[in-house]
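The values are calculated or read from the model by the stated rules, or taken from the named source; none is laboratory data. This is a predicted model, so every value here is computed, not measured. Glycine gets a Cβ as well: all are built from the backbone with ideal geometry, and neighbour counts include every protein chain shown.
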Amino acid sequence: MTSLNLIKEDMNRIINAIARAKKLDSNPSERWPTSVGTHIYKLIERIIPKSGN
């Protein structure tokens, strides 16, 4: 398996994790989470270029 394939697999995992985190976030517009969890997916979305989707 090439490095490029590994990167693609990792990107797919990250994108899937972001989608799951969004579903779990009951108040995504709030600055801080009101329940257990984080808003780290918001940071990751800003770091990963949109073309990575």
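Among the candidates R46, R31, the residue that is surrounded by fewer than 10 Cβ atoms within 10 Å (Cβ to Cβ), among the charged types (D, E, K, R), at pLDDT below 85 and out of contact with any strand residue (DSSP E or B) (no Cβ under 6 Å at 6 or more places or on another chain) is uniquely R31.
The residue list E45, E9 contains one member that is in contact with a helix residue (DSSP H, G or I) (Cβ under 9 Å, 6 or more places away or on another chain) and of a type in the set (D, E, K, R), which is E45. Taking the chain as the range and being outside any helix (DSSP H, G or I) and touching a residue at least 24 places away in the same chain (Cβ under 8 Å) as the test, the residues that pass are I48, N53.
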